[in-house]
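Data first, discussion second: the structure below is written as structure tokens.
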Amino acid sequence: RLSTGILYLTMGNVFGSPKKTLKEQLRENKRMISRAVRELDRERNALEREEKRLTIEIKKMAKQQQMGAVRIMAKDLVRTRQYITKFIEMRSHLQSCALKLQTVKSQQAMTEAMASTTKAMVAMNKAVDAPAINKMMAD
């Protein structure tokens, strides 16, 4: 028999998954963005290999005076180069999103540090009796 705590952790809430903390969400989103960037890099590398193959093919067909095939391959080459440019743009957009996430994470850490500092200062103010110290200093 499973305890309800383990069941809750493995199956999640009945009405949805348990709410994640900001830190967990940031880590998960950063991981997803990194995975997407790697996938884009793989696709771009494949397109660049295809571009090299096409240029070699075009040169070979041009030597054989097959201009119809060269024209079709040239259009395909232009299309491939446009896709490569789009992949580079998408990669930079994803990296800017990752940078924004990092900024949010830093701001969250700063907020937590300020909150703990504030709590410490409140505790110190409660512990220190300012009027008594002033009276002692005056004497």
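The values are calculated or read from the model by the stated rules, or taken from the named source; none is laboratory data. From a predicted model like this one, the values you see are computed outputs, not experimental measurements. So basically every Cβ, Gly included, is an ideal-geometry build from the backbone, and we count neighbours across all protein chains shown. Ligands, DNA and RNA are stripped out before the accessible areas are found, and what is left, the full protein with its side chains, is counted by its heavy atoms. Shrake-Rupley method; radii C 1.70, N 1.55, O 1.52, S 1.80 Å.
Scanning for something in contact with a Phe, Trp or Tyr (Cβ under 6 Å, 6 or more places away or on another chain), under 30 Å from E89 (Cβ atoms), in a helix (DSSP H, G or I) and modelled with pLDDT of 95 or more, does the stretch 45-53 turn up at least one residue?
Initial filter on the stretch 45-53 (in contact with a Phe, Trp or Tyr (Cβ under 6 Å, 6 or more places away or on another chain)): 47.
Now drop any that are not under 30 Å from E89 (Cβ atoms), which leaves 47.
Filter once more, keeping what is in a helix (DSSP H, G or I): 47.
After this cut, where a residue has to be modelled with pLDDT of 95 or more as well, the list is 47.
Yes, the stretch 45-53 contains a residue that is in contact with a Phe, Trp or Tyr (Cβ under 6 Å, 6 or more places away or on another chain), under 30 Å from E89 (Cβ atoms), in a helix (DSSP H, G or I) and modelled with pLDDT of 95 or more.
Kindly indicate whether any position in the stretch 39-56 is in contact (Cβ under 8 Å) with a residue 40 or more places away in the chain and either among the aromatic types (F, W, Y) or touching an Asp or Glu at 6+ places or on another chain (Cβ under 6 Å) (or both).
Filtering the stretch 39-56 for residues in contact (Cβ under 8 Å) with a residue 40 or more places away in the chain gives 40-41, 43-44, 47.
Applying the additional criterion that residues be either among the aromatic types (F, W, Y) or touching an Asp or Glu at 6+ places or on another chain (Cβ under 6 Å) (or both) yields none.
The answer is no, given that none of the residues of the stretch 39-56 is in contact (Cβ under 8 Å) with a residue 40 or more places away in the chain and either among the aromatic types (F, W, Y) or touching an Asp or Glu at 6+ places or on another chain (Cβ under 6 Å) (or both).
Kindly evaluate K86 against the criterion of being of a type in the set (K, R) and open to solvent by less than 100 Å² (accessible area, probe 1.4 Å). Explain how you work it out, then say what you get.
Working: of a type in the set (K, R): yes; open to solvent by less than 100 Å² (accessible area, probe 1.4 Å): no.
So K86 fails the test.
Matching residues to (1) closer than 30 Å to E50 by Cα; (2) modelled with pLDDT of 90 or more; (3) of a type in the set (D, E); (4) under 31 Å from the mean Cα position of the chain (by Cα):
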{"position": "S96", "(1), (2), (3), (4)": "yes, yes, no, yes"}
{"position": "L99", "(1), (2), (3), (4)": "no, yes, no, yes"}
{"position": "M114", "(1), (2), (3), (4)": "no, yes, no, yes"}
{"position": "N134", "(1), (2), (3), (4)": "no, no, no, no"}
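Checking the condition open to solvent by 100 Å² or more (accessible area, probe 1.4 Å), modelled with pLDDT under 90 and under 30 Å from V104 (Cα atoms), which residue from K30, K19 passes?
Working: K30 fails: modelled with pLDDT under 90.
Testing whether each residue is open to solvent by 100 Å² or more (accessible area, probe 1.4 Å), modelled with pLDDT under 90 and under 30 Å from V104 (Cα atoms) leaves just K19.
Name the pairs: first residue in the stretch 102-115 and open to solvent by 60 Å² or more (accessible area, probe 1.4 Å), second residue part of a helix (DSSP H, G or I), Cβ to Cβ under 6 Å, at least 6 apart or on different chains?
Note: pairs meeting the criteria are K105/L26; Q108/L22.
Yes/no matrix, rows are residues, columns are (1) under 29 Å from the mean Cα position of the chain (by Cα); (2) within 30 Å of L22 (Cβ to Cβ); (3) of a type outside the set (S, T, N, Q):
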| residue | (1), (2), (3) |
| --- | --- |
| L40 | yes, yes, yes |
| E43 | yes, no, yes |
| A46 | yes, no, yes |
| E50 | yes, no, yes |
| A69 | no, no, yes |
| A74 | no, no, yes |
| A109 | yes, yes, yes |
| T118 | no, yes, no |
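Could you tell me which of the residues E57, E89 is among the acidic types (D, E), in a helix (DSSP H, G or I) and farther than 16 Å from E43 by Cα? Let's see the steps before the verdict.
Working: E89 fails: farther than 16 Å from E43 by Cα.
It is E57.
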